[in-house]
Every structure is written in C-alpha cells, then in structure tokens.
1. Of all the helices (runs of 4 or more DSSP H) wholly in the stretch B:40-128, which have at least 1 residues that are within 12 Å of another protein chain (Cβ to nearest Cβ) and surrounded by fewer than 16 Cβ atoms within 10 Å (Cβ to Cβ)?
2. Limited to the stretch A:120-133, what total is found for residues that are more than 7 Å from chain B (Cβ to nearest Cβ) and outside any helix (DSSP H, G or I)?
3. Among the residues of the stretch A:138-164, which ones are within 14 Å of chain B (Cβ to nearest Cβ) and either part of a helix (DSSP H, G or I) or under 21 Å from residue A:83 (Cα atoms) (or both)?
4. Which members of the stretch A:45-74 meet the condition of being without any contact (Cβ under 8 Å) to a residue 12 or more places away in the chain and on the phi > 0 side of the Ramachandran plot?
5. Pick from the stretch B:226-244 the residues that are facing chain A (nearest Cβ under 8 Å) and within 19 Å of the chain's Cα centre (by Cα): which of them is surrounded by the fewest Cβ atoms within 10 Å (Cβ to Cβ)?
6. Give the residue, chosen from B:247, B:258, B:254, that is modelled with pLDDT of 90 or more and either more than 30 Å from residue B:159 (Cβ to Cβ) or surrounded by 22 or more Cβ atoms within 10 Å (Cβ to Cβ) (or both).
7. Contact list please: Cβ distance under 6 Å, first residue in the stretch A:261-287 and farther than 22 Å from residue B:212 by Cβ and facing chain B (nearest Cβ under 10 Å), second residue modelled with pLDDT under 90 and part of a helix (DSSP H, G or I), pairs at least six apart or on different chains.
8. When both residues are 6+ apart or on different chains and their Cβ atoms are under 8 Å apart, which pairs have a first residue that lies in the stretch B:133-153 and is free of Cβ contacts under 8 Å to residues at least 12 places away in the same chain, and a second that is buried (at least 23 other Cβ atoms within 10 Å of the Cβ)?
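The values are calculated or read from the model by the stated rules, or taken from the named source; none is laboratory data. Being a predicted model, the structure only gives us computed values, none of them experimental. Here Cβ is always computed from backbone atoms with ideal geometry, including for glycine, and neighbour counts include all displayed protein chains.
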C-alpha cells in the first residue's frame, strides 16, 4: 500500500476540501444520518394525535413490538425469505457464470436471457409473475395441469405464497450476481486449469478445490448484497400479496411501510425500522470483520 | 473454465443445460410478451395461429396518463443523475486529493450509507419532506438519493488513479482546484460517468417504494407507480392489458439494454467491484 505516501502529497487545504465535500455532506446529513437518529428518537415517543402532542413513552413501542405476533411473523418470514433467496440465487449465479464462460453456440443470447430480469423494475417483474401464478390461466397451473397435477392458488394459499414470492426474487437476482462471477472467472489464470487437466483432476474436484475458493472474494461481495436485498426488497410484496394471505408473506420493511403509511402509526414504525437498521448494521460489521480476517489473501 | 480433457459428450451436455436454463429464464418474459400481443381471449392459449395485435398497447397508452408518467420518470432520472454527478464529483475529488480535518472519519460515515440506505428510512424522510412542503413533487422523489455514498466512493477511486503529474501540470499553468477538476479529472473519468449513469438511471427508472409513498397525483408519479395504479385499477383483470402496460413501462430500458448490452453489463460490473 502506498496510500500513505499518496496521502502526504494531498493538498493540505482544509477549506477547499470541506468546501468540495459540503454539498454532498449536507444531503447525506439530512437524508441519511439525521433520519437514522430521528428514527431512534421517535421510537421512544407516542404518536401525535389531533390536539395532543407526542409524548415520551420510553420503551413502550418496543414492548408493543415484542407482544405483536405480526412483527414476529414478519421477522420469521424475512428469515425464510433470506434463506430461500440467498443460497439459491448465489448457486444459480455461479452455475450461470460457469455455463456461459465457455464456447457456446448463441452465447450472447443465453447471457442476455440470464441477465434480462435485472434490467426490469421489480414492479414489472411482479406484474408478470402475478400473471404466471394466476389461479385459472396462469402459466404455472397450465404446466402443472399438463403434467397431470391439480391447479393451485399459488399466491392465495398461505403454504405456497412465501415460496412463490421467494422464487420471483431468485429469478430477478441470479442474473445480476452472475456478472460478478463471470468477471471473476475471466480473471482466473488459465494455467491453473491446464495444470489440473494434466494431473487428471475431475472437473467436480477442480471446481471445489480451485475455482470455488478463488471465487471467495466475489462470493463475499455478492453475499453482502444479497443479504441487504433480502431485507429491503418489498416492491413485489406490495404488488403481489400485500403481506397476505394471513400475513404469510409479511416482510419487515413491508410491515414498516404498512404501519407507517397505512395506519400512520409512525412511532411504532420507527421502532420496527430500528430492528431493520440493527440487522443492516450487523451485516456491515460482519463484512468488515470478514474482510479484516482475509486481508492476507491480498 | 476450460479444462482440456473435456469430453465431447460433456460439452454437449453443458450446452444443452445452458440453453435449457436460458429458455426457462426467458419464459416469464416471453409469456408476458405473448399475452401483450394477443387478444385477451388468446392471452393464455398457445395457439400459434392466433392473430397478433397492437391494440393492447394502444389501449393502455390512452387509458392512463402514461405520457405524463414517462415524462415524470424522464425528469426524475435526469434530475438525479445531474445532481449525483455534480455532488459525487466534488466530494470524490475532495476525498481523493485533499487533506482536511476529519477526512477519514467523514469517509467512514459516507461508506455507512452503502448499508443504511434511504429505503429503510422512509418514515423519517417522509416527515422531513413533509416539513419542507415538498410532498408530491418530483424533487422529493429524488432528494434522498442526491448524496450518494456509492457515487462519492466511485469517483474517489477513479480520481485517485489519475496520475498526479497531470494535476500538477494544470496547477503550474495557474489553474485553481475547480478548473483543474474540470479540465483534468472529469474528462479522464468519462467511462466511469457512463457506468455510473447507466446504473443510476436503471435504478431510479425502476425504483418504486419511495416514489409510491411520496407522490399522490398524476403530475408527479413516475412510471412504476403509474403502472401499479393502472394494474390494480378497476379495468378488471385483463392480463393482455396488464402485460402490455408492463412491457410498455419497461420498454425504453429494455430496448436500451438490447442495444447497449455490453456497456450495461460492464457498467454494473464496474459499479459493483469496489
């Protein structure tokens, strides 16, 4: 690292430095740091009601949260949603990257097909999948019917609704993660593969012993993205299920949205937002710790 | 990964697998396109003889204020990109080339926004914009995204890699900091601006939750919100109409993607590898 040397060359002009940073800093302060702190602050207050100002209620909102079965359901669903989307989309991304990282007739078309869902808005994706899951005429039930199965109300039944919205998220994300793996594979030294071939290593063995470990930094990067996405992706819930049926697809951020902007219980929404912020903070800290531990790789 | 002892059969198998997955992955979009270009009666019947039609798109264009939604989205992404470019360039330059008190702490604070995104601060940001009297404006949709940690970081990395000699040369000729930035750094960072621009435009073209919260009239609603209102509206569930509206709203970005596929993929990559 010659960062330190470079730093010594940096222009030591506090006014210009701050002056250049100030415009961006102002927006970051007003729309990121202030609201993060204000969320914490307001979570200790009651809601303003007609004529009655907000008053300090201590931990009441948090106590209400602990007693709220829907909050726990949302947390649990979010956990399942994360567990459902993260490993599946990462595994698929690796498979896709391996499949298109070689001579293949129509490779551009194949890659485009994998990547296209990334370009679409989640709103558009949700509309398309709403049609696919439609009870009578949806593609899903047509396929099931053709295979001799019974049609099913995928989004309308609590036992399949969460799995269905999870599938949508996987479809949307896998191609996005694929491009990072593709880049990593293309930067991989070719002589490794040649050496392995001479040694007679099987492809399976080669993948697990060589390729996969070398992809670790990419996997870490993708993993952090995937975790963050699992807790902020709610557009498809708004369109497809509104958290239903019977809260089966209620996710944390969607519950915050509903509480804050449908019931206007903003202080309770603030308390639940704190849970989200803590989860994201844990991911951030975890990322730093892991990055710290693996610095010897670089 | 091309291992030399790949057998022919193995290669063929992988090609088939790649294509099967590609077909499976394209199926939802193809299905939507099928419905959008057919009468609603034919929307879920796969009869190749069924006549193709434009009328769903024509209907959609007239049935909801889509021209206004398109304009709003266009104004929104333009506004965001102009402000983001400006602020990130200035701040990135500050972090790349200036020493100022508190710089390292400030940089960590900036990076924090990569995790604590405006998406999870909706309640308080609504409060703020309400206090500013900006609810239901295009500016309000964009404002939480003006200061972009991602942009600042990207520009800092880019500017740091530019040889200092170029900077010095400009200064010897008497150029001040801002002029140096404009004459030396900005032109050299063009590919990065393209990458950042594509990522930012596709993000905000597609953004939904925050615009949904902060807008409540046709005059400020972007496409995503307009599409949702149209699709969940009272025209009944006519999938041909809904898929036509969906493809219409995604159209410009999809076409841009088809035309600039390579740039898109590289932009997302460049933006992601930090």
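1. Qualifying helices (runs of 4 or more DSSP H): B:66-97, B:103-112.
2. The qualifying residues number 1.
3. A:139, A:140, A:141, A:142, A:143, A:144, A:145, A:146, A:154, A:155, A:164
4. A:51
5. Filtering the stretch B:226-244 for residues that are facing chain A (nearest Cβ under 8 Å) and within 19 Å of the chain's Cα centre (by Cα), the one surrounded by the fewest Cβ atoms within 10 Å (Cβ to Cβ) comes out as B:228.
6. Numbers: B:258 fails: modelled with pLDDT of 90 or more; B:254 fails: modelled with pLDDT of 90 or more.
One residue alone meets the criteria, B:247.
7. Listed pairs, sorted by first residue: A:287/A:224.
8. Note: pairs meeting the criteria are B:134/B:140; B:134/B:143.
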